[in-house]
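Since the structure comes first, as structure tokens, the remarks are kept for the end.
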Amino acid sequence: MNTSSKSLLLNPSSSAVRHEVRRLSGVRWSLLVAALALAAAGVATVASATAEWSQGLASRQALWVALGLLALIVVLTFDYHVLMDLATPLYGLGLAALVLVLAIGEERSGARSWLGIGSLGGQPSEYMKLATVLFAARYLALSNQRTLGWRQLLGCGALAAPPMLLVALEPDLGGALMFVPSIAGMLLVAGVRWRTMVGVGAVGVALAAGLFFLWR
């Protein structure tokens, strides 16, 4: 629990109350409502599609939604700058997990992408997408450029290339390509020129086509 949360519990009339109110006022409630509506629609769709089954998939989906809400609440309780400070070690751990899954991972759906014991575990590539976004955000923030140049674009490309290559080696080309829209969206928000983005996109499409024919 952070300092403001402790102060709020010990002295509800303190300035910590105002701090928490300001934090809540920064939440985009329309986005939260839209996400909850989408999650509810997903649960309803799963329930409808599996109505004749007895595996409880809808209940499992609802449980994951609840866990996601809990994670959201936990994230709101601490300063997001903490994640920026942890971006580098999280990125390194993600790369280590991707290397490990190539060595001892389980093969599922034609790709060696699962790391765990029995049904307990997950795909390191999913975690790595978040770690890469955090690491790229830290890199762009430290560059402190109003308009991004080729140096920042190449830097982000260099950050995304290792996890993309490791995921493609599983082989999971679809999962590897999912890094592209995440990084592209960050670059657009950070201030890249459209002309530059189109050029990078053309090169990316060419590389993706090459990878597709290489892994066929």
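The values are calculated or read from the model by the stated rules, or taken from the named source; none is laboratory data. None of the values given here were measured: they were computed from a predicted structure. Glycine gets a Cβ as well: all are built from the backbone with ideal geometry, and neighbour counts include every protein chain shown.
Taking the stated definitions as given, is Thr88 β-branched (Val, Ile, Thr), at pLDDT below 70 and either surrounded by fewer than 12 Cβ atoms within 10 Å (Cβ to Cβ) or within 20 Å of Ala137 (Cβ to Cβ) (or both)? Criteria not met by Thr88.
Exactly one residue among Met197, Met186 is assigned by TED's automatic domain parsing to the domain that holds Ile104 and modelled with pLDDT of 75 or more, and that residue is Met186. The listed residues are Gly191, Gly157, Gly175, and the only one of them that is in contact with a helix residue (DSSP H, G or I) (Cβ under 7 Å, 6 or more places away or on another chain) and either of a type in the set (Gly, Ala, Ser) or touching a residue at least 60 places away in the same chain (Cβ under 8 Å) (or both) turns out to be Gly175. Could you tell me whether the stretch 102-118 includes any residue that is assigned to a helix (DSSP H, G or I) and touching a Pro at 6+ places or on another chain (Cβ under 8 Å)? No, every residue in the stretch 102-118 fails to be assigned to a helix (DSSP H, G or I) and touching a Pro at 6+ places or on another chain (Cβ under 8 Å).
Out of all the residues in the stretch 102-111, is one or more surrounded by 14 or more Cβ atoms within 10 Å (Cβ to Cβ) and hydroxyl-bearing (Ser, Thr, Tyr)? Checking the stretch 102-111: not a single residue is surrounded by 14 or more Cβ atoms within 10 Å (Cβ to Cβ) and hydroxyl-bearing (Ser, Thr, Tyr).
Across the stretch 156-203, what is the total count of residues that are outside any helix (DSSP H, G or I) and closer than 30 Å to Leu100 by Cβ?
Narrowing the stretch 156-203 to residues outside any helix (DSSP H, G or I): 169-172, 178, 191-193.
Checking which are closer than 30 Å to Leu100 by Cβ leaves us with 169-172, 178.
Number of matching residues: 5.
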